[in-house]
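Here is the structure we will look at, set down as structure tokens.
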Amino acid sequence: MTTDRRRFLKGAGLAAAAASIPLPDLDVDLSRLCGRYQWLVGDHHTHSQYSYDAMYRIDQIARGGRAHGADWIVFTDHGHAEHEKVSVEPTEADFLAARRKYPDLLLWHGMEWNVPGAEHATVFFQAGDRQAAKLREFERTFDWRLTNSEASGPANEALALRALRWLADEERAKRIHAPVVLINHPLRNGRVAPHELRAYRDAAPHIVIGMEGAPGAQADGFPKPLGNGGARGGYANGAGANSWPGFPPEAYRTYGGWDWSTAKVGGLWDSLLAEGKPWWITTNSDSHYNRGDTLVRPPVADDWYDTHGKYPDPVDSGVPQLVPPYADFHPGEFSRTHVGVTRRSLEGVLEGLRAGRIWLSHGGLVQSLEVGAYGGGSAATLGGRLRVRRGSDVTVVVSARLASRPNGGGSIPRLARLDVVAGPVTGPVRDPDTMTAPGTRVVESFEPRWAPGRQVVFRHTFRNVRAPFYARVRGSNGDAEPTPDVLGQANPFDDLWLYANPIFVDVR
């Protein structure tokens, strides 16, 4: 450990001990701590033939996800005038049919909300036989395509906050149940300013739980001629008329497939965590057209969707599709959001999401991941809070089962490193557009000896903690830091990362 890093750790109350200190009981404790949860793989961002830019039937999304190991899926077609007019009830009927057809899957009928003054977010909740009516009410009242509220500005930002308060009021009145909002591809177009993220979170902290740490459409970066030659996640943009002007040019790119807000240590995500408030990250497919699929959409007139609110059922061409618009993967195929649940049910997944018991992986980088923090006779796992006395030692234990089978890229991925990232909790920021956390650092790295299916364990001890902090874990198949994806040359299987949500340590 360098002298500079030791100074940082002492100054932040995070003095560290080497990972080799013998703590034999913690391996067993970690299995007990995380073993109480079943880790379900899911996807909260998918599109069907009821979106103006997609083609799949609802049951085909469910079938594709099931085939690739997904346990739960949210169907999130775009808000649109024709969608609100004629598509909500047919979608609900198809959704209920898919539930009957695949009873082993946990499914939700949600939507991708065009957020006033911003861009997109997943919205889903439960409303029983009023599901379609409540989704339509939300869409009609608060979607920028239907309310002429797309432009950035205070009035439209205020409308977005009214929408979130509506969800909270509807939940309190028991007209809907357990609403969840997640901000999608936050920096793809730079249209969601840091102050907007904070305002969403604070307006409805148990509803707006976080953002996509990595976007879908990861296959968009496959090089030509066997791919789109584009950008992972569609992140090939620059600042536009509605972009927040404070974002630097590098914010509009992905880094190892991950949004800049997440990939930059001490960046925007860390600045949110440094406030000591929950803000979880996810990943997903954003499935519209899935790479390698043989299904194609039948040719139709350009205005077909605007007059029908639905595209015809896709047909099988018999030929794998590899070029635009086939930029996505099936749910569970490449991007996986693992949620720790106490019961396999809709309620179980919702509880796990809200609690932040979430870790994320690309390309099957590891089979499993467990993280625990121990101190003062207590323990906490992902999304949790560990409370210790000032001067205590806190040990973070990370256990991963290495991959043992080839992924969609044709090879068994090799985990090259695991990092513990930590930073002090400094409280609310004075400037709501803050997007840096200077105290956050990679405090320890571990390079596991690779063998297919091997279980590896890594420990890091923070000695004599003096102030609150958080710790999170990430890993990769190579790079020490996420590097910018090269437009047109970004095979997603070449650069794989995993991320876990943080554990907060409160010191009293």
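The values are calculated or read from the model by the stated rules, or taken from the named source; none is laboratory data. Computed from a prediction, not measured in an experiment: that's the story for all the values here. Don't worry about glycine lacking a Cβ; one is built from the backbone with ideal geometry, like all the others, and counts go over all protein chains shown. Each accessible area value is taken on the protein alone, full model and side chains, heavy atoms only, with ligands, DNA and RNA left out. Shrake-Rupley method; radii C 1.70, N 1.55, O 1.52, S 1.80 Å.
If you take the residues of the stretch 365-382 that are surrounded by fewer than 24 Cβ atoms within 10 Å (Cβ to Cβ) and out of contact with any Leu (no Cβ under 8 Å at 6 or more places or on another chain), which of them is modelled with the highest pLDDT?
Only one residue tops the list, namely Ser368.
Each row is one residue, and each column tells you yes or no for (1) more than 19 Å from Asn284 (Cα to Cα); (2) of a type outside the set (Ser, Thr, Tyr); (3) outside any helix (DSSP H, G or I); (4) modelled with pLDDT under 95.
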site	(1), (2), (3), (4)
Ala133	yes, yes, no, no
Glu139	yes, yes, no, no
Ser149	yes, no, yes, no
Ala155	yes, yes, no, no
Arg162	yes, yes, no, no
Trp166	yes, yes, no, no
Arg191	yes, yes, yes, no
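Scan the stretch 213-230 and report the pairs whose first residue is crowded, with 22+ Cβ neighbours inside 10 Å and whose second residue is basic (Lys, Arg) and not in a loop (DSSP other than H, G, I, E, B), with Cβ atoms within less than 9 Å and a gap of 6+ or a chain change.
Note: pairs meeting the criteria are Ala214/Arg232; Pro215/Arg232; Ala217/Arg232; Gln218/Arg232; Ala219/Arg232; Asp220/Arg232; Gly221/Arg232.
Which ranges mark the helices (runs of 4 or more DSSP H) fully within the stretch 233-343 that have 3 or more residues being surrounded by 18 or more Cβ atoms within 10 Å (Cβ to Cβ) and in contact (Cβ under 8 Å) with a residue 12 or more places away in the chain? Before the answer, list the steps.
On the way: elements: 260-263, 268-273, 304-308.
Here the list reads 260-263, 268-273.
Suppose the filter is at pLDDT 95 or above, among the hydrophobic types (A, V, I, L, M, F, W, C) and open to solvent by 30 Å² or more (accessible area, probe 1.4 Å); does Ala70 pass it?
Numbers: at pLDDT 95 or above: yes; among the hydrophobic types (A, V, I, L, M, F, W, C): yes; open to solvent by 30 Å² or more (accessible area, probe 1.4 Å): no.
So Ala70 fails the test.
Mind checking which residues of the stretch 32-56 are open to solvent by 10 Å² or more (accessible area, probe 1.4 Å), modelled with pLDDT under 95 and in contact with a Ser or Thr (Cβ under 8 Å, 6 or more places away or on another chain)?
Leu33, Arg36
Just the residues that are within 20 Å of Lys174 (Cα to Cα) and assigned to a helix (DSSP H, G or I), please, taken from the stretch 85-130.
Gly128, Asp129, Arg130, listed by residue number.
Looking only at the stretch 200-212, which residues are more than 21 Å from Ala263 (Cα to Cα), in a helix (DSSP H, G or I) and in contact with a Lys or Arg (Cβ under 9 Å, 6 or more places away or on another chain)?
Asp202, Ala203
Going residue by residue through the stretch 247-256, is there one that turns out to be out of contact with any strand residue (DSSP E or B) (no Cβ under 9 Å at 6 or more places or on another chain) and farther than 30 Å from Pro424 by Cβ?
no
Scanning for something over 30 Å from Gly292 (Cβ atoms), touching a strand residue (DSSP E or B) at 6+ places or on another chain (Cβ under 8 Å) and open to solvent by 10 Å² or more (accessible area, probe 1.4 Å), does the stretch 109-127 turn up at least one residue?
Looking through the stretch 109-127, at least one residue is over 30 Å from Gly292 (Cβ atoms), touching a strand residue (DSSP E or B) at 6+ places or on another chain (Cβ under 8 Å) and open to solvent by 10 Å² or more (accessible area, probe 1.4 Å).
Scanning the stretch 449-503 for residues that are over 21 Å from the mean Cα position of the chain (by Cα), of a type in the set (D, E, K, R) and not in a loop (DSSP other than H, G, I, E, B), which turns out farthest from Arg401 (Cα to Cα)?
Residue satisfying both the conditions and the ranking: Arg463.
Can Leu197 be described as in a loop (DSSP other than H, G, I, E, B) and either surrounded by 24 or more Cβ atoms within 10 Å (Cβ to Cβ) or of a type in the set (A, V, I, L, M, F, W, C) (or both)? Write out each step before concluding.
On the way: in a loop (DSSP other than H, G, I, E, B): no; either surrounded by 24 or more Cβ atoms within 10 Å (Cβ to Cβ) or of a type in the set (A, V, I, L, M, F, W, C) (or both): yes.
Answer is no for this residue.
Could you tell me whether the stretch 408-417 includes any residue that is in a strand (DSSP E or B) and touching a residue at least 60 places away in the same chain (Cβ under 8 Å)?
For the stretch 408-417, residues in a strand (DSSP E or B) and touching a residue at least 60 places away in the same chain (Cβ under 8 Å): present.
Exactly one condition in (1) outside any loop (DSSP other than H, G, I, E, B); (2) within 16 Å of the chain's Cα centre (by Cα) is not met by Pro215; state its number.
Only one criterion is unmet by Pro215, namely (1).
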